[in-house]
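Below is one structure, written out as structure tokens, with a few remarks after it.
The values are calculated or read from the model by the stated rules, or taken from the named source; none is laboratory data. All values derive from a computational prediction rather than experimental measurement. Neighbour counts are summed over all protein chains in view; Cβ atoms, including those assigned to glycine, are modelled from backbone coordinates with ideal geometry. Surface areas here come from the heavy atoms of the whole protein model, side chains and all, with no ligands, DNA or RNA. Shrake-Rupley method; radii C 1.70, N 1.55, O 1.52, S 1.80 Å.
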Amino acid sequence: MTYCVGMSLDRGLVFMADTRTSAGVDNVSTYRKLFSWEVPGERFLTMMTAGNLATTQSVISIIDEQIHAGDDSPSIVNAPSMFRVADRVGQTLRKTIRAHETGGEQEAQAFNASVVVGGQIRGEAPRMFMVYPEGNFVESALDTPFFQLGETKYGKPILVRAYTPEMSFEDAVKLLIVSFDSTIKSNLSVGLPLDLQIYAKDSFRNGRSLRIDDSDAYYRTISDGWSQAIQLAFDSLPDFTFPEV
């Protein structure tokens, strides 16, 4: 399993993804699930992947091959809009999944994967899309300002309660760390390190990116502080009393 979040802010876009992959309790590995491409001054693109590892690695490899094939070959770095970027990613994802569909529906499901792709191309505002295994996709909007992949249920309530589009990148990272820490504590299939990518609106270049592991002092501070804050909030609530009979 995995957990990835792409978040749209007034200031730009923030992406965070875990790195754990699991094929059973005795086969746990670390693989990168967040990837970025840059054409300085013209566009910056980020993708996060979830699902079958062979499928997602094939998709990323095909996209890289398309980019390096030359300017005349269709790729995400020469697509005329973010919509077309999402469409090309969707086509690649669908074809990759279908290439492994030799059996019935159950076997096909085993090769499924999903993608979040976002960024900005000069002439457009920053945009972000959720791409489904069938190749179709939806765009983020005011009512859907963030996308999640993978193990979403533990971290979503935190995002819903605390997210605001006006928040700073620093506050967004803090919020995401709380969301990821809650998910990691609840599900063994999600784990450190975490990859972070920030894109500042109209910069058209790589922003701040880093990897957060279990030795990161800030992560430890937030993890411990959030646990203490939950306990304090619980203790501050009025006690329940049984009605008198």
Qualifying position, being more than 30 Å from VAL28 (Cα to Cα) and of a type outside the set (Ser, Thr, Tyr), among VAL85, VAL116, VAL59: VAL85
One residue is enough: does the range 186-200 have a residue meeting the conditions open to solvent by 60 Å² or more (accessible area, probe 1.4 Å) and not in a helix (DSSP H, G or I)? yes
For the range 9-44, which positions are buried (at least 17 other Cβ atoms within 10 Å of the Cβ), over 14 Å from the mean Cα position of the chain (by Cα) and either assigned to a loop (DSSP other than H, G, I, E, B) or at pLDDT 95 or above (or both)? LEU9, ARG11, GLY12, TRP37, ARG43, PHE44
Out of contact with any strand residue (DSSP E or B) (no Cβ under 7 Å at 6 or more places or on another chain), surrounded by 15 or more Cβ atoms within 10 Å (Cβ to Cβ) and more than 19 Å from LYS153 (Cα to Cα): does that describe ASP181? no
Selection over the range 210-219 where residues are closer than 18 Å to ASP171 by Cβ and either in a loop (DSSP other than H, G, I, E, B) or touching a strand residue (DSSP E or B) at 6+ places or on another chain (Cβ under 7 Å) (or both) yields a count of 4
Every listed condition ((1) among the polar types (S, T, N, Q); (2) touching a helix residue (DSSP H, G or I) at 6+ places or on another chain (Cβ under 8 Å); (3) open to solvent by less than 40 Å² (accessible area, probe 1.4 Å)) holds for ASN136 save (3)
